[in-house]
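Asker: I'd like to ask some things about the structure below.
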Amino acid sequence: MLVLGIESSCDETAAAVVADGERILSNVVASQIPTHAKYGGVVPELASREHLKRIVPVVDEACHQAGVSLTDLDALAVTEGPGLIGSLLVGVVYAKALALSLGKPLVGVNHIEGHIHAVLLENQTARSACNAIGEPRFPAVALVVSGGHTSLFRLEHRPLDSASSPFFTCTLLGRTRDDAAGEAFDKVARLLALGYPGGPVIDHLARHGNPDAVEFGRIRMKGNPFDFSFSGLKTAVLYRVRGTSLAAEAEERRAWRKAAGSSPPPVEDLRVHCSQSTLDLVASFQNAVVTDLIERTLAAADEVDVESVFVSGGVACNSLLRERFAAATRQRGFPVFFPSPGLSTDNAAMIAAAGYYRLMAGCRADATLMANASLELGTLGPKAAESRN
Ligand code: KG4
Ligand code: ZN
């Protein structure tokens, strides 16, 4: 079954053709980073305009690279939420019109469910290329950690033949109460004039800093221990910078970047413009985020007794997170699975794969399908339910 996936929830316009939910025939992502970089974050109005310009050529390119025409497709899957409403609308309206004109079935997919499917998709596509020995097994705990989300789920396998099964069922264990982890990376990078998106730059620069130089302390959460909060840490970084030589240094970097023109400088050039104190600060910040993500995920994995841990979303590209998760789970006897970096960040192959399982379970969208900026995934676990009240 050939499924065309369409993803436009944030700032990537993406389309992919996936066969039988597991073989990626094409996976095209048009990044909007140059559009948003000068603002240090995604500007929703600009994002939807860019999606409008790119959606048709991106879908054409995905079909071209897969060697198929639109009429060869068996079905379409589109991200219906969560995300930026203007961005989501472009994908949903386009997918509905395309499905209607082709007379093909369409299914709406939750973006977060797509991120979780990226883990399974890759392990089905190239089992040997995964980061852990063996196969992902259920029950599992999934950490979805990106610029928009930081959530923990317990996943139960569901056989494909059960009605409206998306292949696994999700229970929300906890999620961020304020900033997502990727958002904190992006905001710290903006404060220090390191560029956008902040995660990959900080990941690189942090290798040259001392992660223990600045003691941020543990992030404490009242109530649900599986909830996250990164805004306090971001503010702690701000206080370390404001009114100090680090702030003056950041201003010099800002001026240097402006003078260098619109294209981002190579990260090694950027490093030359960072003092050791700045490198130590970003390494300590990254260390605090990674420690918190791992501790809460493993505490959840222990409490709900799982066979594997899945980590996906843009922040899953982080090299320290990957190393430290692999080491920590090895000691505990269950494996951790990450998608490769290209499938960790937003893409449409994950939407096509998740859509395939929904289609197999009989799900179909009709003309009433709407973009939903705050679409929820799964049911609420007891602690997550308590912390909502
Ligand atoms: O999944 P994604 O492409 O989009 C959302 O759904 O948000 O994630 C983008 C986020 C950005 O905040 C970016 O800074 C972060 O992922 N990111 C990273 C790394 N690569 C991307 N964060 C930390 N380390 C990285 N290597
Ligand atoms: Zn995402």
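The values are calculated or read from the model by the stated rules, or taken from the named source; none is laboratory data. Here the structure is a predicted model, which is why all the values come from computation and not from measurement. Counting neighbours? That spans all protein chains shown, and the Cβs are built from the backbone with ideal geometry, glycine included.
Asker: Of all residues in region 180-204, how many are more than 9 Å from ligand 1 (Cβ to nearest atom) and either over 29 Å from residue 258 (Cα atoms) or surrounded by fewer than 24 Cβ atoms within 10 Å (Cβ to Cβ) (or both)?
Answerer: Within region 180-204, the subset more than 9 Å from ligand 1 (Cβ to nearest atom) is 187-188, 190-195.
Retained after the next criterion (residues that are either over 29 Å from residue 258 (Cα atoms) or surrounded by fewer than 24 Cβ atoms within 10 Å (Cβ to Cβ) (or both)): 187, 190-191, 193, 195.
Of the residues in that region, 5 qualify.
Asker: Here are some conditions: (1) away from ligand 2 (no atom under 16 Å from the Cβ); (2) of a type in the set (Asp, Glu); (3) at pLDDT below 95; (4) within 21 Å of residue 358 (Cα to Cα). Residue 122 meets all but one. Which one does it not meet?
Answerer: Result: residue 122 fails condition (1) only.
Asker: Can I ask one more? Going by the structure shown, is residue 104 crowded, with 17+ Cβ neighbours inside 10 Å, modelled with pLDDT of 95 or more, part of a loop (DSSP other than H, G, I, E, B) and in the same structural domain as residue 31 (by TED's automatic domain parsing)?
Answerer: Working: crowded, with 17+ Cβ neighbours inside 10 Å: yes; modelled with pLDDT of 95 or more: yes; part of a loop (DSSP other than H, G, I, E, B): yes; in the same structural domain as residue 31 (by TED's automatic domain parsing): yes.
Considered against the rule, which asks whether it is crowded, with 17+ Cβ neighbours inside 10 Å, modelled with pLDDT of 95 or more, part of a loop (DSSP other than H, G, I, E, B) and in the same structural domain as residue 31 (by TED's automatic domain parsing), residue 104 comes out as yes.
Asker: Looking at region 294-343, which of its residues are within 18 Å of the chain's Cα centre (by Cα) and of a type in the set (Val, Ile, Thr)?
Answerer: 294, 297, 309, 311, 315, 336
Asker: Give the residues of region 248-266 that are surrounded by fewer than 16 Cβ atoms within 10 Å (Cβ to Cβ) and within 19 Å of residue 185 (Cα to Cα), sorted by residue number. First the steps, then the outcome.
Answerer: Of all residues in region 248-266, those surrounded by fewer than 16 Cβ atoms within 10 Å (Cβ to Cβ) come to 248, 251-252, 254-256, 258-263, 266.
The answer is 251, 254, 266.
Asker: Over 30 Å from residue 263 (Cα atoms), charged (D, E, K, R) and either in contact with a helix residue (DSSP H, G or I) (Cβ under 6 Å, 6 or more places away or on another chain) or part of a strand (DSSP E or B) (or both): does that describe residue 50? Steps first, please.
Answerer: On the way: over 30 Å from residue 263 (Cα atoms): no; charged (D, E, K, R): yes; either in contact with a helix residue (DSSP H, G or I) (Cβ under 6 Å, 6 or more places away or on another chain) or part of a strand (DSSP E or B) (or both): yes.
So residue 50 fails the test.
Asker: Can you pull out the residues in region 286-309 that are within 14 Å of ligand 1 (Cβ to nearest atom), out of contact with any Lys or Arg (no Cβ under 7 Å at 6 or more places or on another chain) and not polar (S, T, N, Q)?
Answerer: Once the filter is applied, which keeps residues that are within 14 Å of ligand 1 (Cβ to nearest atom), out of contact with any Lys or Arg (no Cβ under 7 Å at 6 or more places or on another chain) and not polar (S, T, N, Q), region 286-309 yields 288, 289, 292, 293.
Asker: Checking the condition among the hydrophobic types (A, V, I, L, M, F, W, C) and either crowded, with 19+ Cβ neighbours inside 10 Å or in a loop (DSSP other than H, G, I, E, B) (or both), which residue from 288, 299 passes?
Answerer: On the way: 299 fails: either crowded, with 19+ Cβ neighbours inside 10 Å or in a loop (DSSP other than H, G, I, E, B) (or both).
Unique residue meeting the criteria: 288.
Asker: Read through the list (1) crowded, with 17+ Cβ neighbours inside 10 Å; (2) part of a helix (DSSP H, G or I); (3) away from ligand 2 (no atom under 16 Å from the Cβ), then give the number of the only condition that residue 274 fails.
Answerer: Unmet condition: (2).
Asker: Within region 80-95, can one find any residue that is more than 16 Å from ligand 2 (Cβ to nearest atom) and exposed (fewer than 15 other Cβ atoms within 10 Å of the Cβ)?
Answerer: no
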